[in-house]
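> Questions regarding the structure given below will be posed in turn.
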Number of protein chains: 2
Amino acid sequence: MSILVVGSVAFDSVETPHGKVAQCLGGAATYFALAASYFTPVRVIAVVGEDFTPQHEKVLTDRGVDTTGLEHAPGLSFHWRGSYLGNLNEAQTLGTDLNVFADFEPKIPAEYQDTEFLFLANIDPVLQARVRSQMPAVKMVCGDTMNYWIADHAANLAKVLPELDVLLINDGEAKMLAGESNLVRAAEKVLAMGPRTLVIKHGEYGATAFFSDRSFAGTTHLTVPFRAPALPLDEVVDPTGAGDSFAGGFYGYIASQPALTPEVFRKAMFYGGVMGSFTVERFGTERLQGLSRQQIDARFQLLRQISHLD
Amino acid sequence: MSILVVGSVAFDSVETPHGKVAQCLGGAATYFALAASYFTPVRVIAVVGEDFTPQHEKVLTDRGVDTTGLEHAPGLSFHWRGSYLGNLNEAQTLGTDLNVFADFEPKIPAEYQDTEFLFLANIDPVLQARVRSQMPAVKMVCGDTMNYWIADHAANLAKVLPELDVLLINDGEAKMLAGESNLVRAAEKVLAMGPRTLVIKHGEYGATAFFSDRSFAGTTHLTVPFRAPALPLDEVVDPTGAGDSFAGGFYGYIASQPALTPEVFRKAMFYGGVMGSFTVERFGTERLQGLSRQQIDARFQLLRQISHLD
């Protein structure tokens, strides 16, 4: 079934120990959409400026992504500049030019109204809540956020969290949101804020899902978390978009399945790790543009092999 | 089969967010021996001072540890003072009083000469090499080291590494030893220094084993690493000894098996995580003193459950 992603389609200028790229296609919604497109049809809602050319849009449409909801506005696209020179695990933001994104007001095309799976990428929680309320028929809602919204927009974020079936954030964000340095206790506090399930991403160490008794309808309550490994990589060219690609693989797989069972959830965690591992092998979205499902499933098997006893 | 561990039996004074303890029994050989004792007979070589009482020795002998090689010397035992107040993942050393350990000269009792499994805990690599050379008949040798020896005793350490079947160190030590910030490339460089297999411990994120084509005799070369999870814990009372307990569970399980196969190795990684997770639940060695094999195997199954797809 189709996933609708609302978030940023942007340009990134990034410097890593492997080199630098200027103005390459990026943004959370772009990484998410490309990663999810290998599993299920994807629809996107975002705003871009006049610097976003038909060639850029073709990257999305070549992967079958429905860009009906991609609004073209006068001005320049959102532009992020970052550096990983000091630390490959955490970007240093050198500049954020919101440009057309500053006045982003998501509009949901009529053709998107039947969407069953909604992904609220990392944008203003006020917009996340608004989109959610305009999609009363969705079956499942997942979302992301970041330290900026956690620190300065806590009240707005608190209204979105109970709407989420799955919140996907990283260690630092989970601890910050909970005000708690122990990961398990942080997870419990975040789950108490409303999301039915919490996925905490640990970068090169994989990800952990924490479940509540609301995680799965009609199945036994999972009392233990689930840990999915990341693939040990001997070369990380550009970490940008790894988290969004994880979310795309994770949610894309779930949307492709007939029902969300604990088994489907576990496999989705592995597919998340698979898509994240591909993304960081090249600058920008390059690696996500030309994969095959066969390559993806081979890497899924590799992740199983490196983590399973038999 | 018996494991012989050479290392420190010491007293620790530790401060963590959960409280503080003074002069409690510790030392790498102590944690290792107690953890391994649940799997196989353990023999210990260490030196202690006059402050080490029969009550202290009883902690080891109650677990069946053979203390024939525990030398009692005039003076005080090795005493380490550390704090985890700032960071539960890394101890801040407040003081190290070597005391009787300063002149430690390991002597191997005649009764130990038939030992097949040798563990060289974190001590001066010159002593590690000397012990190794006095045990020509051992079947397997594992070892540990730390930043101090890596930084200032590199030439001596380089002589020990080729003697090791498995080197167990943490992320920071592996990267420091290799002079390389990428974990996979660091592992390749460390394996090129001689150990047949490298286990890198990631603390709360588990551990990864990296294999060389010399890792397993007579079996297919393992080309992929193996990642074992750590148990997410909602309370870490005292992280001291977690790494040594990991090594004890890991090596104890291997020594209890008829042969070192890839399957045994993988299970050993899980048992390492199991024993580390118990240790940190209480101050010092308290938790390791009264476990049952049933509790250990239940936690092994839990680790499998949180990491396996089915």
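The values are calculated or read from the model by the stated rules, or taken from the named source; none is laboratory data. Worth saying up front: this structure is predicted, and the values here are computed from it rather than measured. Quick reminder, even Gly has a Cβ in these numbers, built from the backbone with ideal geometry, and neighbours come from all protein chains shown.
> Taking segment A:279-310 on its own, how many of its residues are outside any loop (DSSP other than H, G, I, E, B), more than 13 Å from every other protein chain (Cβ to nearest Cβ), surrounded by fewer than 23 Cβ atoms within 10 Å (Cβ to Cβ) and not β-branched (Val, Ile, Thr)?
Of the residues in that region, 7 qualify.
> Here are A:GLY7, A:GLY75, A:GLY95: which of them is within 18 Å of the chain's Cα centre (by Cα) and of a type in the set (Gly, Ala, Ser)?
One residue alone meets the criteria, A:GLY7.
> Then there's this: Within segment B:161-174, which residues are touching a strand residue (DSSP E or B) at 6+ places or on another chain (Cβ under 9 Å) and more than 17 Å from B:PHE246 (Cβ to Cβ)?
Listed by number, the residues that qualify are B:LEU161, B:GLU163.
> Going by the structure shown, is A:PHE119 out of contact with any Gly (no Cβ under 6 Å at 6 or more places or on another chain) and closer than 15 Å to A:GLY26 by Cβ?
no
Here is a yes/no grid of residues against (1) exposed (fewer than 14 other Cβ atoms within 10 Å of the Cβ); (2) assigned to a loop (DSSP other than H, G, I, E, B); (3) of a type in the set (Val, Ile, Thr):
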position: A:GLU105; (1), (2), (3): yes, yes, no
position: A:ILE108; (1), (2), (3): no, yes, yes
position: A:ASN122; (1), (2), (3): no, yes, no
position: A:VAL131; (1), (2), (3): no, no, yes
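> Every residue in segment A:1-53 that is charged (D, E, K, R) and out of contact with any Cys (no Cβ under 7 Å at 6 or more places or on another chain), please.
Scanning segment A:1-53 gives A:GLU15, A:LYS20, A:ARG43, A:GLU50, A:ASP51.
> Evaluate the following for B:LEU233: is it under 22 Å from B:LEU168 (Cβ atoms) and either basic (Lys, Arg) or in contact (Cβ under 8 Å) with a residue 60 or more places away in the chain (or both)?
no
> A further question follows. Does A:PHE117 satisfy being over 17 Å from A:ALA10 (Cα atoms) and either touching a Phe, Trp or Tyr at 6+ places or on another chain (Cβ under 7 Å) or modelled with pLDDT under 95 (or both)?
Yes: the conditions hold for A:PHE117.
> Let me ask something else about it. Just the residues that are within 21 Å of B:LYS201 (Cα to Cα) and out of contact with any Leu (no Cβ under 9 Å at 6 or more places or on another chain), please, taken from segment B:276-296.
If the condition is that a residue be within 21 Å of B:LYS201 (Cα to Cα) and out of contact with any Leu (no Cβ under 9 Å at 6 or more places or on another chain), then B:PHE283, B:ARG287, B:ILE296 are the ones that fit.
> For segment A:240-269, name all the residues that are more than 27 Å from A:SER8 (Cβ to Cβ) and hydrophobic (A, V, I, L, M, F, W, C).
The answer is A:ALA259, A:VAL264.
> Here is a list: B:VAL100, B:VAL126. Which entry is assigned to a helix (DSSP H, G or I) and either crowded, with 21+ Cβ neighbours inside 10 Å or on the phi > 0 side of the Ramachandran plot (or both)?
So the residue among B:VAL100, B:VAL126 that is assigned to a helix (DSSP H, G or I) and either crowded, with 21+ Cβ neighbours inside 10 Å or on the phi > 0 side of the Ramachandran plot (or both) is B:VAL100.
> Residues that are within 25 Å of B:ASP234 (Cα to Cα): list the strands (runs of 3 or more DSSP E) wholly contained in segment B:1-89 that include at least 2 such residues.
B:10-16, B:19-26, B:79-83
> Suppose the filter is in contact with a Gly (Cβ under 7 Å, 6 or more places away or on another chain) and over 24 Å from B:ALA10 (Cα atoms); does B:PRO136 pass it?
It is false that B:PRO136 is in contact with a Gly (Cβ under 7 Å, 6 or more places away or on another chain) and over 24 Å from B:ALA10 (Cα atoms).
> Might you check whether a residue that is among the acidic types (Asp, Glu), at pLDDT 95 or above and within 16 Å of the chain's Cα centre (by Cα) occurs anywhere in segment A:154-163?
Among the residues of segment A:154-163, not one is among the acidic types (Asp, Glu), at pLDDT 95 or above and within 16 Å of the chain's Cα centre (by Cα), which makes the answer no.
> OK, next. Residue check, B:GLY82 against (1) surrounded by fewer than 24 Cβ atoms within 10 Å (Cβ to Cβ); (2) at positive phi, all met but one. Which one?
(2)
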